[in-house]
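These notes concern the structure reproduced below.
The values are calculated or read from the model by the stated rules, or taken from the named source; none is laboratory data. Note that the structure is predicted; figures quoted are calculated from it, not measured. Cβ sites come from the backbone with ideal geometry, for glycine too, and all protein chains shown count toward neighbours.
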Amino acid sequence: MKESILDVLLYLFEHYFSEDADLVRDRDSLQNGLIQAGFSPAEISKAFDWLDALSEQRPSVARPHVDGPVRIYHGPELDKLDVDCRGFLLFLEQHRILDADQRELVLDRAMA
């Protein structure tokens, strides 16, 4: 995954999915906000496509969230994913936005 797509995703989560942010529900509003923030339509489209593909890979049967061990990152992951990125993934897991399987999908795509 290219850094520009990660930048778009991080911007989305930081500005639209925080507890104090106004809830924006439609894709057009999100896209307009991202364009105003300086992202290109191509970057935005790729980020939305990535999110769509991730949501399609979610298991159809909801499993309860189980607090498990903390993910230990290995050499190449540490080189490619900085502390902020790894912390953000941990935040998403702790807030039950991602489960362990989804986190691994995100890591797999980020390392590709």
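Kindly establish whether Val83 is surrounded by fewer than 12 Cβ atoms within 10 Å (Cβ to Cβ) and either among the acidic types (Asp, Glu) or at pLDDT 85 or above (or both).
In short, yes.
Confirm whether Asp67 is at pLDDT below 85 and farther than 22 Å from Ala110 by Cα.
Answer is yes for this residue.
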